[in-house]
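Written out below as structure tokens is the structure these notes cover.
The values are calculated or read from the model by the stated rules, or taken from the named source; none is laboratory data. For clarity, every value in this text was computed on a predicted model and none was experimentally measured. Cβ coordinates were reconstructed from backbone atoms using ideal geometry, including for glycine residues, and neighbour counts include every protein chain displayed.
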């Protein structure tokens, strides 16, 4: 026997609807997965002073010394100079982490390392005033004016690097 005429005409009509619905659900699932994997990596850049500044080191420890790994600084990177180590010491002690020394010539690899190893977290980088503009550019693509050699050692940069979209740079003084 033959199927009724009405049934034969419904199948071709419903197939495009089911295929479209499956495609829409697949696209929504992909978009939801991308949205959930999107994170913001924060890199805080501080210039070490030309002269000893215990007050600046204590100020950094107060500002970023929360032990909460979810919202606080996860790692400290510092130039291989006595001033940078001195500036990092109080904060490192408060957080219970060991600062990682980074030679000045490895600025680009530091930017990649921060994005890769600390994805979705916050890290602090202590470097010379001449190193910071290059690091900001490596992280965000933005060019910044280097800090003056003295008088403004209390400036810091916060670079927000999202998974998708452009990075943002914020200059602050403390």
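Annotations
- So residue 40, is it closer than 30 Å to residue 95 by Cβ, in contact with a helix residue (DSSP H, G or I) (Cβ under 6 Å, 6 or more places away or on another chain) and modelled with pLDDT of 80 or more: no
- Qualifying residue in the stretch 146-158 (condition: surrounded by fewer than 18 Cβ atoms within 10 Å (Cβ to Cβ), part of a loop (DSSP other than H, G, I, E, B), touching a helix residue (DSSP H, G or I) at 6+ places or on another chain (Cβ under 7 Å) and touching a residue at least 12 places away in the same chain (Cβ under 8 Å)): yes
- Test: residue in the stretch 4-19 that is modelled with pLDDT of 80 or more, outside the structural domain of residue 132 (by TED's automatic domain parsing) and surrounded by 10 or more Cβ atoms within 10 Å (Cβ to Cβ): yes
- Residue identified as assigned by TED's automatic domain parsing to the domain that holds residue 108, modelled with pLDDT of 85 or more and surrounded by fewer than 18 Cβ atoms within 10 Å (Cβ to Cβ) among 80, 61, 88: 80
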